[in-house]
Every structure is written in structure tokens, then in C-alpha cells.
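Undergrad: Okay, handing you the structure first.
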Protein chains: 2
Amino acid sequence: MSRCGEQSFYFEKAPVIAANTSMVGPKEAQGPLAEWFDILLEDDLLNQKSWEAAETEMQRVICKKAMQEALGGEDAQAFLGGDLNAQIIATGFAARALKLPFIGLYGACSTFIEGLILGSALISSGYLDNAIAVASSHFCTAERQFRFPLELGTQRTPSAHWTATAAGCALLTRTGDGIRVRSGTLGRIVDKAIKDANHMGAAMAPAVCACLMAHLEDMDAEPEHYDLIVTGDLGWIGRNILIELLSREGMSIDEERLIDCGASLYYKEQDTHAGGSGCGCIAAVGCGYIMKRMQLGDFKRVLLIGSGAMLSPTSTLQAESIPGIAYAVELEA
Amino acid sequence: MSRCGEQSFYFEKAPVIAANTSMVGPKEAQGPLAEWFDILLEDDLLNQKSWEAAETEMQRVICKKAMQEALGGEDAQAFLGGDLNAQIIATGFAARALKLPFIGLYGACSTFIEGLILGSALISSGYLDNAIAVASSHFCTAERQFRFPLELGTQRTPSAHWTATAAGCALLTRTGDGIRVRSGTLGRIVDKAIKDANHMGAAMAPAVCACLMAHLEDMDAEPEHYDLIVTGDLGWIGRNILIELLSREGMSIDEERLIDCGASLYYKEQDTHAGGSGCGCIAAVGCGYIMKRMQLGDFKRVLLIGSGAMLSPTSTLQAESIPGIAYAVELEA
């Protein structure tokens, strides 16, 4: 049986991450993790006519690179992906460019981990030999969709996140050597009535807490089982909230082992306030910094938890609260 | 091996549709298929404050009804769904209300079939014992998002579709009796450079043609293998385009056996122009009319093909063409 507990899948035949590729924008390329990404952009338009088209191009390039590395340039059997744009158009157009069988996903900033879980399940059970999981975000597409036109130069609140211009792609295969996806945990929506769209860390931290607790219970594991627990984009504020929520659940966690991608992507001097966010944040940091350090032997077992804030411009205008969702995957080197 | 050909999955342990529930709005309740839906609305607001909240409520109610019928009111193990709203908020809020492990999908109007395929794969391979696949659309949420504020009373072009106020839910289980999901085919994006967002049938028909051809090739089947081939929301115009595209591929298809949900949902006098569309169109007609007639013994083997137009308000403004996607599932009674 590959079902574990209430929310988790255990992959007996654990899929292999045969290629992990990433690309980041100019601001992220000046951050502390720059050396770990495959492609650093000097221009966030990538010679395209719009930022949306640039985001599509980011996905296309890193997927092509991953297929080159892992499959000698052959097509992958499926493309699982999503992004923050309404109707996930950046991904839809990337799927058009890549001409691969397409599974469109939306889990806000958790989308990459959602794709890793589904791709792993389809491979582990024999439906696919390989699959791509991809996600992207772009500061300029997100800012004008969720907040204000960039041209206004609107002042940002201290708890606001900076949507990362970033994309990450993992090409999963049934056979081969490399990092394996050992298990995955589906999330449930958790909504603690946060209504401030500039306070994403607070909206998502309770869902991360719930997903982590569910994962540990389903897998009968302790936090120490993992060399690293990596969250997606809680930022500085959300990370502190998570630590407090976990302690209220009676769980103390070694803070050295708890890394948040959004809180790690920029130097404080880069003035991103709460830290990075966006679908591309955990996708790029996961496929770049985390997986590459695993490949160097620095970490053996890592739990990657992606979290998403399920809001839209419409739900914000309607004064709805912000439901949070989180998914987890266990990687082993 | 459960992989078939290039794009298809064959479910040896075919999941059962243990409950199929549907709900439609007031206009659809006056159409020719009204008697086949479970719940007919007199008011498309469902006592909510917004149409978006009403769409969420539609999903919640039919999912609860399905869990009541198939699981005695117990929770399903996963909720796979999506809708047309930006960031699939109607579904996100339904997942919050239902508190189920959530897999958010976006395949535009093909989302319901995408969910059936993924849910069936996860059940057939033992990751889940049961799962809900759901999708919805609402005329008023879609119209103001993709086209014009309703209050303007803008005149519609003759090739325009009418987004159905409709939702459908299939509760899949590993064991039991009923309609089975025998196979599924993933689609690839097909884009024939249609740029008119009021000509969805033309944008989607090539993807439906490609998906149908891929399915038949992967399963080594002829169209006559199916008592019925059901498309989602090509409408009158798209249906004719599909028939022509198929004939160019050398495939003649018995038009009596080819039903389009969008072209069947309204009487011509209801003035919907090209016919119905929206994620809820094939979801409600599939779970209502199609599955109920299968349960009556009228059809034994049905191919359901959902199609989506992967556009967004932004991509339309940017003069992008409209990529089409289609997914197919084979149902057997």
C-alpha cells in the first residue's frame, strides 16, 4: 500500500530527480543564493514583448535544459505546472511551446510541490516513465495583477513580500540515480481569517504548520528525521509565526534546520521587506540551492513544504479572508 | 503496465463513479436537459453576497451530496477541482468549506476531465480509496471577468458562448458497482492562432480533434467502439469545425453519436448563440444527463472529452492567440 495515514503517499519505487534546473531574475541574481541557480538573468524581459511572455520563456528554457540533461533532448511524457497569473497563462503558453502532454495545476505558491507529488505518484505507479514539474513567478506580472501597476511606485507595507522572478524545474524519472522523492503529503486549506493581502506569511503559516504535523504523523516521523525542513515563502514574519505555532503544538524545532526559501533569497539590504514569495521561489531555491547541496552530500534527507495563499484580486476586493494551503515532499539523496 | 501509447492511461483496476451529482442555474433549468440535473436553482446567488461565493456554494453542496450518497456522509480522501475564476478562488473556498485534502487544477473548461483522470490514476494505483472530481462555472463570474460587466448589457457576437451556471461532481471509489473510468488521455496544447475570445469553439476544436485521435491511436480503437462521444463545450460552431477536422484526418464519425454538452444545454430560443461553455458545462451534463442515461442502460461505453481555451483577460489584451487543450476519459457502464 502506498497510502500513508490521512494525507500522505509513500513512494516505494521512489522517482528520481534526473535533472533540476532553475533561473532567476536580476534582483535574485544579486542575492545570497545566486551561485546556486543555473541561469541568472540580466534583463527580466528575456527579449519578450511582455513580462507574461518573459515568464513563459523562463519556464520553456529551464524545461528544455532539463530535458537536454536528463533525456538527451527527448520530450518528457508529461508537463505538470502552474504559476500565479490568472488562468495560469504563463504555464499554458509554455505548454504550447513545449508541446508536451499537459497537466495544469494551481496551488498558488505551493504549485511546484503539488506538481512534484502528482508527478511522483504517476511515475511511481507506472503511468509515466518521466515527467516535468515546473513553476514560475515574475515580480512584474504578479505585482500588477495582485497589487498596483509598477509605474505608480506605490510604497510597500513592512509585512509585504517581494514576488521572486524565478522558475524551477525538476525532471522526474522512474529509474536512474539521484535525489529521490520518497513521500508526499497533500494539504488541506487552513484559514485563520487573515484578510491582509500584504501579510502572506501570516496567511500561510497555519497551513504549513498543519501540513508538517500531518506529514510527521502520517510518516510516524520526528522533525529530527530531516536534515533540513524547507518552507517555501513564509518570509521572516511567517517563519517566526510557524515556529510559534509549532511550539504551541508542543513541537520544538531546531531553528538551524528550518530554512525558508523566501527569507533566504535576498539580502536584507535588498529591501524586500518580509522576503521573497511566488510559485518560483521554492521552485528555484528547491531546484537550485537545496537539491544542489544535496547532490554535494551536504544534506541527506530534506522535507520541502510549499505553501500557497489562495486569494485573488477579486476575493481581496470582496473582503474575503485568505485560505492557506501547503504540500510537502520528502527528498532523499 | 498502465501506460498506453503516448498520452493515455489504462486503468486495469478501473475506479467506480460511486456518486454523480450536479446543479445548474435558472437558465439551464429551463433547457432541454433540466430533468437530468439533481438541483435546479431558482436564484443564481444561492443566498450569498457575491456570484463568486455562489459558485463556491454550488461546489460545496454537490460535493456534500455526493459524499452523503457514496460514503454515508464521511469525508472523501481528496478533492480535485478547479474553475474559471482567476486563481480558482471558487474552488479554493469550496476546499476550505469542505476541509478535504485539496488538489487544485486548472485546465479551463476541461478541468473536470483533468480531475477525473488524475483522481482515477491515484485511486487505481492505490494512493487513494476515493476522491472527488469537481468543476464549476457561473455565467456572472465569468462574464465580468472575461468579457464585460453585466450591467453594461453589451451585445454579444453570434459566435460567442454562454458560460453555463453549472457544477458537477463525481465521487470515485476503488470498489463498488457503477460506471467505471476505464482509461484517460492527457492532452497537448494545440493553437491554431485563433485570437477571437468570442470564438471559443474554433479555438478548442483542433485540440479536441488531436485528443480524440491520440486516444483512439493509444487505445487502438475505432470511433464505433463508443456508443457516444461527448465533447464539452464546442458549441454548434465548434462541433461543426470538429466534424470537418476529423474528416480531413480521414475519419468519418456518426453524427448521431457525437454530442456536445454546450450545444445541448439550451434551446435555440434561449438565445445563447454558439451554445454553453464553462468548466461546469461538461461537469454538470456529464454527471447529469450522460451518467444518468448510462445508469439507465441507454449507453454502455462513452468517451467524454473536455476542452479548454487557455486564455486570460491579460492574454486577450496582449493580442495573444488562444491555446486549446483537451482531455478524454472512457466511461463504461
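Undergrad: I want to verify a result. In a Gaussian network model of chain A, Cα cutoff 10 Å, which of these has the top mean-square fluctuation: A:Cys169, A:Cys109, A:Cys211?
TA: A:Cys211
Undergrad: How would A:Tyr127, B:Tyr289, A:Tyr327 line up from fewest to most surrounding beta-carbon atoms within 10 angstrom?
TA: If I rank by nearby Cβ atoms, fewest first, I get B:Tyr289, A:Tyr127, A:Tyr327.
Undergrad: Can you tally the net charge around B:Glu255? Count Lys and Arg as +1, Asp and Glu as -1, for every other residue whose Cβ sits under 15 Å from the Cβ of B:Glu255.
TA: -4
Undergrad: Can you give the extra length, in nm with one decimal, that the chain gains between B:Leu45 and B:Lys195 once fully stretched, where that is 0.36 nm per residue apart less the Cα-Cα distance?
TA: 50.8 nm
Undergrad: OK, next. Classify the range A:206-269 from the C-alpha gyration tensor, please: rounded if a/c falls under 1.5, else prolate or oblate depending on whether a/b exceeds b/c.
TA: Verdict is prolate for the range A:206-269.
Undergrad: On to the next question. Would you mind pulling out the separation of the Cα centroids of the range A:136-179 and the range A:85-122, in Å?
TA: One Cα centre to the other: 14 Å.
Undergrad: Using the Karplus equation 6.51 cos²θ - 1.76 cosθ + 1.60 (θ = phi - 60°), what ³J(HN,Hα) coupling, rounded to whole Hz, does each residue of the range A:34-50 give in order, writing x for Gly and Pro?
TA: So the Karplus estimates, Gly and Pro as x, are 3, 4, 8, 8, 6, 10, 10, 8, 8, 10, 7, 9, 6, 6, 9, 8, 9 Hz.
Undergrad: May I ask for log10 I(q)/I(0) of the protein assembly as shown at q = 0.05, 0.09 Å⁻¹, from a Debye sum over the Cα atoms as equal point scatterers with solvent left out?
TA: After summing over all Cα pairs, the log10 values are -0.19, -0.65.
Undergrad: For B:Glu222, which inter-copy label distances result when the label point lies 7 Å beyond Cα on the Cα-to-Cβ vector, reported in nm to one decimal and in ascending order?
TA: With the label placed 7 Å along Cα→Cβ, B:Glu222 yields 6.6 nm.
Undergrad: Shifting gears a bit: Return the distance in nm (one decimal) between the two label points of a simple spin-label model at A:Glu12 and B:Ala34, each offset 7 Å from Cα along Cα→Cβ.
TA: Result: 5.3 nm between the two label points.
Undergrad: At 7 Å along the Cα-to-beta-carbon direction for both A:Gln270 and A:Gln68, put a label point, then send me their distance in nm to one decimal.
TA: Distance between the two pseudo-spin positions: 2.5 nm.
Undergrad: Let me ask something else. Can you flag which of B:Lys13/B:Lys99; A:Lys13/A:Lys300; A:Lys64/A:Lys300; B:Lys64/B:Lys292; B:Lys64/B:Lys99 are past 21 Å Cα-Cα?
TA: Pairs exceeding 21 Å: B:Lys13/B:Lys99; A:Lys64/A:Lys300.
Undergrad: Between beta-carbons, use under 11 Å as the cut-off and find the net charge around A:Ala142, counting Lys and Arg +1, Asp and Glu -1.
TA: -2
Undergrad: Rounded to the nearest 500, what is the 222 nm mean residue ellipticity of the protein assembly as shown from helices alone, with -39500 (n - 2.57) per DSSP H run of 4+ residues and division by all residues?
TA: So the helix-based figure for the protein assembly as shown works out to -10000 deg cm²/dmol.
Undergrad: On to the next question. Gap in Å between the Cα centre of the range B:183-211 and the Cα centre of the range A:52-69?
TA: 23 Å
Undergrad: Which shape class, rounded, prolate or oblate, goes with the range B:207-333 when its Cα gyration tensor gives a ≥ b ≥ c as root eigenvalues, a/c under 1.5 marks rounded, and past that a/b bigger than b/c marks prolate?
TA: Oblate, because a/c is 1.5 or more while a/b does not exceed b/c.
Undergrad: How would you rank B:Phe112, A:Phe93, going from fewest to most other Cβ atoms within 10 Å of each one's own Cβ?
TA: A:Phe93, B:Phe112
Undergrad: Please work out whether the range B:33-123 counts as rounded, prolate or oblate from its C-alpha gyration tensor, where a ≥ b ≥ c are the square roots of the eigenvalues and a/c under 1.5 means rounded, while otherwise a/b larger than b/c means prolate and anything else oblate?
TA: Cα axes put the range B:33-123 in the rounded bin.
Undergrad: Further, regarding this structure: Restricted to Cα positions, what overall size does the range A:1-85 have along the principal axes? Three whole-Å values, descending.
TA: Principal axes ranked by extent give 48, 30, 28 Å for the Cα atoms.
Undergrad: Which of the helices in chain B meet the span-like rule: DSSP H, Cα axial reach of 27 Å or more, Kyte-Doolittle mean at least 0.5?
TA: Helices passing the filter in chain B: B:200-219.
Undergrad: Within 10 Å, Cβ to Cβ, of A:Thr175, how many net charges do the neighbouring residues add up to if Lys/Arg are +1 and Asp/Glu are -1?
TA: With Lys, Arg at +1 and Asp, Glu at -1, the neighbours total 0.
Undergrad: How high is the relative contact order of chain B, in percent, counting Cα pairs under 8 Å that sit 6 or more residues apart?
TA: Worked out over chain B, it gives 26 percent.
Undergrad: Same structure, new question: List the distances, in nm to one decimal, from the label point of B:Asn198 to the label points of the same position in every other copy, shortest first, placing each label point 7 Å from Cα along the Cα-to-Cβ direction.
TA: From this label point to the equivalent ones elsewhere in the assembly: 4.0 nm.
Undergrad: Can I ask one more? Using amide H atoms built in the peptide plane, which far-off residues or other-chain residues are under 5 Å from A:Thr231 H to H?
TA: Residues meeting the criterion, in which the H sits 1.01 Å from N, are A:Ile259, A:Asp260, A:Cys261, A:Ile305.
Undergrad: Between B:Glu244 and the same site in the other copies, what are the distances in nm, shortest first, taking label points 7 Å from Cα along the C-beta direction?
TA: So the label point of B:Glu244 gives 6.4 nm to the other copies.
Undergrad: Further question on the same structure: Considering only DSSP beta bridges where both residues belong to the protein assembly as shown, give the percentage that are antiparallel (nearest 5).
TA: Here the antiparallel bridges make up roughly 65 percent for the protein assembly as shown.
Undergrad: Modelled label-to-label distance, B:Gln155 and A:Thr316, 7 Å Cα→beta-carbon offset: nm?
TA: Label at B:Gln155, label at A:Thr316, 3.7 nm between them.
Undergrad: Please list 3J(HN,Hα) in residue order for the range B:18-32, calculated via the Karplus relation 6.51 cos²θ - 1.76 cosθ + 1.60 where θ = phi - 60°; whole Hz, with x for glycine and proline.
TA: 7, 8, 9, 10, 8, 8, 9, x, x, 5, 5, 6, 9, x, x
Where a number appears in this text, it was derived from the coordinates with a stated rule and is not lab data. Everything numeric in this text was worked out from a predicted model, so none of it was measured. Here Cβ is always computed from backbone atoms with ideal geometry, including for glycine, and neighbour counts include all displayed protein chains.
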